[in-house]
Amino acid sequence: MNIPSLAIVALMLVTPLAGCLEPLQEESETCTILAPSRTMDNTVRILTYDIAAFSQEMLDEFTTQTGYEVELIRSDDAGGILELLMQTKQAPQADLAIGLDNTYLQTALQFCLLQPNDVSINEIDETVLDVYQGTYATPFDQGDICLNVDENGLDGENRTMPESLWELTEPQWNGKTVFPSPLTSSPGRAFMVATVDYFEHDDDETSSAFDWWKAMAANGAQFTSGWTEAYEMHYSGGYGEWTEGHLGDALLTVSYCHSPGVEAYYSGNWTHSTSIVLERSSFHQIEYAGLINGATQIEGATAFIEYLLSDEVNRNMPVNNLMNSVLNNATFPAQEGYEWHTDTPLKNAEISMERIANEMEDWLNQWQTATQ
Amino acid sequence: MASSSSQVNVHPIQWGVIVVVVSAGIIPLLLGVLRLMQVTQASPIDAILHAFDTPLATEALQFTLLEAALSTLLTLLIGIPLAWSLGRYEWRGIRGMRAFLFVPFVTPPIVAAAGFLALYSSGGLLPFMGLDLRTETGVIQWFSELSGWAHPGHMLALVLAHAWFNLSLVVRFLEPTLAQMNPHWEEQLLLLPGGQSWWLRVRHLWWPVLGPSLLVAATYTFFFSFTSFALVKWLVPGANTVESLLGELGGSAGIAFYRTEASLLVLGLALIQGAFMLIILTGASKFENQHTKMLALHDEQANRKLRGNAPRIQRWYVFAIITITSLPFLSVLIASFRKRAMLEDGTQGWTWTLDGWRQVYQGDASTITLLEALGNSLTFALLTLLIALPTGYALASAFHRLERQGKRKLANSLDIMCMVPLSASAVMIGLGIVVGLLQWFPSMFQFQYLPVLPHVMLILPFTVRIFRPAFTRLDPMYEEQIELLNLPLFRAWWHGKGAFLVGPFAIATSLCLAFSLGEFGATYLMVRVGSWDSLSIMVDQLLSRPKFDPLVMPTAMAAATTLMVVTFTALLVCEFVRKSTGGTDDV
C-alpha cells in the first residue's frame, strides 16, 4: 500500500472520531483565579505586539525604578494577543497582556483570561473609563479609528469628500478603496463595528452594514490582512509612497483620525491625507493592559501598569506610540502640525463591549459572506 | 552486492530513530487535527467539503495551482540551459558559481521579497527597463487590457521570484547527470537511425537520461512554489496561496467557542494541502529513485576537458543568470545604506548613511542586537547540524539496508513518512504543538532551543535525500573486506564507508547550516520571547514595523545583509571542504 492510500485510510479512520470527541465545555459564569503557572523570578513577562512605545530607554528606566527585569513575548497584533492567551490558557506564558482593545477585551473577560489588578485609575480621563470600569483591565492609550482619504485624489467635481458611506459604492470610487480585514486586523474590526452602528442609525431602514460591505466589494474595494499592508502599500495619501513596493492604488483606507497628524509630524508639517469624520463612522479605540489569569510575577506586572500610566510615559504616547494618552486633559502635541492635522470625530459609533463580544462571530461571518 | 540479509539488518537503534522521527512528525499533526475536529464537531470529510464550498478557499487553491505551475515552467525554461552549460563544459570557479546559485534557495523569503520589491518598485531596475510589474503600467497594462487578466504584472513578479528561488534545484539535479553522462553515447547515437533528428535524440537519449532529474527538479519546484507564503504576501497583494490563507486564519483556529468558522476552514484547507503535498512528495520520491540510477556514469573532469570551454553565447547566458541572481541581494545591500530624508530643497529624497547598521548593531526593546541575533542563529544552526546530520545518516543507512534486504517499498514508505512535516502546513504543526504538547509540558515554551526541533524535522528529509543515493553508490565489497581486517569500530566505519561519504557529508552540512540560518516560518511559531530571536525573525520584525520611521528599512536591510553574508560564507566553507576532500557533486 502506498502513502496516498495510507493517507486515505487514515482519513476514513479519523472521520468517525468526530462523533466520539467530547464537545468542549463552555466557561462557567464566574471565573476562578488560576495558580501561578511558573516558578517565581524577578522578570515580568509581557505579552504584547510590537508596541513602539516600549523603547529600550523606557524599559531600562522601569528596571532602574523597580528592580524588575522585563521580557517581551510578541504577537502580531491585538487579535494575536487574545488568541495566544486563549491557546495557552492552561499554561500562561506571561504575566501581563498589553494591547487588547475594546473590541477584544470583553471576549478576554468572558473567557476568564484576565485577573483583577489594584492599579489606581484616578488620573484617567472619564470618557475613557466610561467604556469599561472594571478592575480586570486598565486603559493605557486611545485613538479614534476612521476613514482616511488622499486629498490629492479629490478633484472637487467628480470625486468629492464623501458625505455618506453609500457614496463610496458609486463608480468614481471603483477600485479606489482598501480596507484591512476585520478577520485579521484590529483597526479593520473596529471599523466594521462602526459600520454596524452607522447603518443602524442611517435613514435607510432596509439595508444593513453588510449590504454596504457587499456593495463595496462589488465596487472593487480591496481587503488586506493587516493595517500596514492597506496603509503602507495601497493608500496613496500616506508615508507608504516612500517605501519599496508602494502601489498607491487606493485613495481611501481605514486608519486613525490622528494619522494625518502623524504624517505631518514626520514630514515637516505637510501631508495630503485627511480624515473623514462622518457621524458614527468612526470608533473610539482604547487599548488595555491586564494581569493574565495564572500570572506569576503579579507585583512586577502591577508595577509595570503603574509605570505605563505615569505622567512621564503616558503623556508621551502621541510621539512614542502614535496614540493619545488616557490621562486627564490629554492632547496631541502642537509641533509640526500634529494637533492641527488631527481631526476630532463628530460622533463615534456607540456599541457596547458586551454587544461586540456577543455578536462579533456573527458579524465576521456576515462580513466574510458579503465580501467574498 | 551479494550480502546476506543478516549482514544488512536494520540496527535496533536505527529502528528507534525511525520511530522517533516518524512520531515527532505525525503526533503534533494528529493532535492538531483532533483538536480542530473537537472544536468544530465536524469530520475531516465535512471540513474538506466545506472548504470546497467556500469561495475564499477555492480561489486560494486555484491561485496556488496556477502560480506553482507557471513558476515550475519558468524555472525549467531558465534552469535547463543553465544546467546544460554548467554541466557540459569547463568553468573556472564552478564551485563558487554553484554555491552562489544555491544562496537564493536558502535565503529567507522575506529578505528575497524585500530585494524583489526594490527591483520592481518605482526607481528600481525593472521599471527603468520599461517593465512595471508593480503598478502595472505600460506594456503590462496593455497586456492586462488585452487579456482581461486583472494583475498579470503581479503574477509575473511572483513567478520570477519563485524561479530565482528554485533555479538551484534544477542545477543541482540536472548538472551532475549532464556532467557525468558518457559522451560516447551522444556520438554513437548520431550514427544510429534513432539519432538522426533532434526529436529522436531527445526521445532516445536525453529524455531517458535527463528525464528523471528533470522531473525531480520540477516536482520540488512545484512543491516550494505551492507552499509559498512571504513572497505571495508581498508581491501579489490581494491574492492568497493555501499556505498564506492558512497563516491568516491559523491564529484563530483550535479555540473552543471562538471563530468556529475559521477552525473549520483551517481543518479543510490543511487536509487538502496535505493531500496535495503527499502526492507531490510521493512523486518526487519515485522520480528520485530513477534519478539515482542515472548517476555516476562517467568521470566528470574527463568529460569537461573533452568539451573544453563553453561556446560564447552559453558563457554569456550563465554570467547573465548569475548577475540577475545577484540583483535582489545587491538591492538589499544598497537599501541598508539608504535612508529616506528631507532634502535641502524641501523635497523628500534619499541620503546615504550608516545609521541602519548602527541601529541594528545596538538593538532596541523589541529587537535584540545584531550580534545576539547572529549568536542565536548560529547556535540554532549548529544544534540542528549536530542532530540532523547523524539522524539523517542513520535514516538513510536504515533505508539502504532495507533496500538491500529487498524491502524497497517499505524503505520508500518510511522515507515518505519522514517527510510528513514537510507536507503539513506550519499552522497545523504549530497548532498541534500548542494544543497538544503544551498541555503536557507547559515549561516547553520556556526552552530556548525549541526552534531546533522544527529545523531538524524540516531538514531531515533533505539530508536523507543526500545520503540515500550516496549509500546506493557505495560498493559493499569495501565494507565486507574491512570486516575481515578486524579494525576498531570507528576505523572500520571510516575505511568502509566514511571516507567515501565526505562529499555528501559536506553537502548535508552546508544544507543544514544554510537552511537553519534562513528558516523563518517554524522559528516564528516557536520563538515567543524576543531574546531568542534569530536573524531571519529579526528581519521580519523590523520589516513589519510601520515605516514612517525612515530608519526601519535600512535597519532591516542591514540585518538581512548580515544573514546573506553568513549564509554564503557557510556554503563556501562547505564547498571548500568538499573540494579539498575530493567529493563529487552528486546529490
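The values are calculated or read from the model by the stated rules, or taken from the named source; none is laboratory data. Computed from a predicted structure; not experimentally measured. With ideal geometry, Cβ positions are generated from the backbone for all residues, glycine too; neighbour counts draw on all protein chains shown. Side chains included, ligands, DNA and RNA excluded: accessible areas come from the protein's heavy atoms. Shrake-Rupley method; radii C 1.70, N 1.55, O 1.52, S 1.80 Å.
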Residue among A:VAL262, A:ALA330, B:LEU386 farthest towards the positive dipole end of the protein assembly as shown, charges placed on Cβ: B:LEU386
Largest-first ranking of B:TRP493, B:TRP316, B:TRP149, A:TRP340 by accessible area, probe 1.4 Å, whole protein assembly kept, is A:TRP340, B:TRP316, B:TRP149, B:TRP493
5 Å is the cut-off here: which amide hydrogens, built 1.01 Å from N in the peptide plane, fall below it relative to A:LEU100, excluding neighbours closer than 5 in sequence? A:TYR288
Go ahead and run the numbers for FRET between A:GLU359 and A:THR160, Cβ-Cβ distance against an R0 of 35 Å, rounding to 0.05. 0.55
When the distances between all Cα atoms of the stretch B:1-127 are binned every 5 Å from zero, what whole-number percent does each bin get? 2, 7, 6, 9, 11, 11, 12, 13, 13, 8, 5, 2, 1, 0
With runs of 4+ DSSP H residues as the only contributors, calculate the mean residue ellipticity of chain A at 222 nm using -39,500 (n - 2.57) per run, divided by the residue total and rounded to the nearest 500. -9000 deg cm²/dmol
Counting only protein chains, not ligands or nucleic acids, how are A:LYS214, B:LYS497 ordered by accessible area (probe 1.4 Å), most first? A:LYS214, B:LYS497
Suppose each label sits 7 Å from its Cα in the direction of the beta carbon; what would the B:ASN309-A:ASP311 distance come out to in nanometres? 7.9 nm
For the stretch A:278-372, list log₁₀ I(q)/I(0) at each q in 0.14, 0.20, 0.22 Å⁻¹, using the Debye formula over Cα point scatterers of equal strength and ignoring solvent, two decimals each. -0.83, -1.10, -1.14
Chain A: relative contact order from alpha carbon pairs under 8 Å, six or more residues apart, as a whole percent, is 25 percent
FRET efficiency (B:LEU354, B:SER147; Cβ distance; R0 45 Å; to 0.05) is 0.45
With the dipole of the protein assembly as shown worked out from charges on the C-beta (+1 for Lys and Arg, -1 for Asp and Glu) around the Cα centre, which of B:PRO176, A:TRP212, A:THR253 lies farthest toward the positive end? B:PRO176
Leaving ligands, DNA and RNA out of it, rank A:HIS246, B:HIS154 by accessible area with a 1.4 Å probe, largest first. A:HIS246, B:HIS154
Other protein chain Cβ atoms within 10 Å, averaged over every residue that makes up A:68-80: 3
Could you work out, residue by residue across B:234-242, how many beta carbons of other chains sit within 10 Å of that residue's beta carbon, and then give the average as an integer? 3
Which ³J(HN,Hα) values in Hz, rounded to whole numbers, follow from the phi angles of the stretch A:164-173 under the Karplus curve 6.51 cos²θ - 1.76 cosθ + 1.60, where θ = phi - 60° and Gly and Pro get x? 8, 5, 4, 4, 6, 8, 8, x, 5, 9
Going out from 0 in 10 Å bins, what whole percent of all Cα-Cα distances in the stretch A:60-156 drops into each bin? 12, 36, 31, 13, 7, 2
Give, to the nearest whole percent, the P(r) tail of the stretch A:130-274 beyond 22 angstrom, counting all Cα pairs. 42 percent
Quick one: grab Rg to one decimal and Dmax as a whole number for chain A, Cα atoms only, in Å. 22.3, 74
Under 5 Å between amide H atoms, partner at least 5 residues away or on a different chain: which partners does A:ASN293 have, H built in plane at 1.01 Å? A:LEU114, A:GLN115
For chain B, calculated [θ]222 nm from helices alone, where every DSSP H run of n ≥ 4 adds -39500 (n - 2.57): -23500 deg cm²/dmol
With viscosity set to 1.306 mPa s at 10 °C, what whole-number translational diffusion coefficient in µm²/s follows for the protein assembly as shown from Stokes-Einstein and a Kirkwood radius over Cα pairs? 53 µm²/s
What distance in nm lies between label points placed 7 Å from Cα along the C-beta direction at B:SER544 and B:GLN62? 3.1 nm
Calculate the dipole size of chain A relative to its Cα centre from +1 charges on Lys and Arg beta carbons and -1 charges on Asp and Glu beta carbons; express the result in debye to the nearest 20. 1040 debye
With the charge dipole of chain B built from beta-carbon charges (+1 for Lys and Arg, -1 for Asp and Glu) about the Cα centre, the Cα from B:PHE223, B:SER544, B:ILE416 projecting farthest to the positive end belongs to B:ILE416
I'd like to check one number: the per residue accessible area of chain A, probe 1.4 Å, reported in Å² as a whole number. 40 Å²
Hey, got the dipole for the stretch A:193-265? About the Cα centre, +1 on K and R Cβ, -1 on D and E Cβ, debye to the nearest 20? 240 debye
Rounded to a whole number, the mean other protein chain Cβ count within 10 angstrom for residues of B:248-255 is 5
Nearest-0.05 FRET efficiency for A:GLU61 and B:VAL22 at R0 = 51 Å, using Cβ-Cβ distance, is 0.50
Taking B:LYS305 as the anchor, which lysines have their alpha carbon closer than 27 Å to its alpha carbon, excluding any fewer than eight residues away along the same chain? B:LYS293, B:LYS579
Pairs of alpha-carbon atoms within less than 8 angstrom and 6+ residues apart define the contacts here; what relative contact order does chain B have, in percent? 23 percent
Normalised radius of gyration for the stretch B:74-189, please: alpha carbon Rg relative to 2.2 N^0.38 Å, two decimal places. 1.34
May I ask you to give the percent of accessible area on chain B that is carbon plus sulfur, with a probe radius of 1.4 Å? 68 percent
Can you tell me how much longer the chain between B:TYR361 and B:LEU49 gets when fully stretched, taken as 0.36 nm per residue apart minus their C-alpha distance, in nm with one decimal? 107.2 nm
How far, in nm, would the chain grow between B:TRP15 and B:VAL573 when pulled straight, counting 0.36 nm per residue and subtracting the alpha carbon separation? 197.6 nm
A 1.4 Å probe over the protein heavy atoms gives chain A a carbon and sulfur accessible-area percentage of 48 percent
Using modelled backbone amide H atoms (1.01 Å from N, in-plane), which distant-in-sequence or interchain residues come within less than 5 Å of A:TYR256's amide H? A:CYS146
Karplus-derived HN-Hα couplings along the stretch B:454-461 (A = 6.51, B = -1.76, C = 1.60, θ = phi - 60°), whole Hz, x at Gly and Pro: x, 4, 5, 5, 7, 8, 3, x
Could I have the simple spin-label model distance between A:GLU279 and A:LEU346, label points 7 Å from Cα toward Cβ, reported in nm to one decimal? 0.7 nm
With +1 on the Cβ of every Lys and Arg and -1 on the Cβ of every Asp and Glu, the dipole magnitude of the protein assembly as shown about its Cα centre, in debye rounded to the nearest 20, is 6840 debye
Can you work out ³J(HN,Hα) from phi for every residue in the stretch B:477-494, in order, using Karplus 6.51 cos²θ - 1.76 cosθ + 1.60 and θ = phi - 60°, giving whole Hz and x for Gly and Pro? 4, 4, 4, 5, 5, 5, 4, 5, 7, 6, 7, x, 3, 5, 5, 4, 5, 4
Relative counts (whole %) of C-alpha pair distances in chain B, using bins that are 10 Å wide: 3, 15, 26, 27, 19, 8, 2, 0, 0
Buried accessible area between B and A (1.4 Å probe, both chains summed, ligands and nucleic acids excluded), in Å² to the nearest 100? 6100 Å²
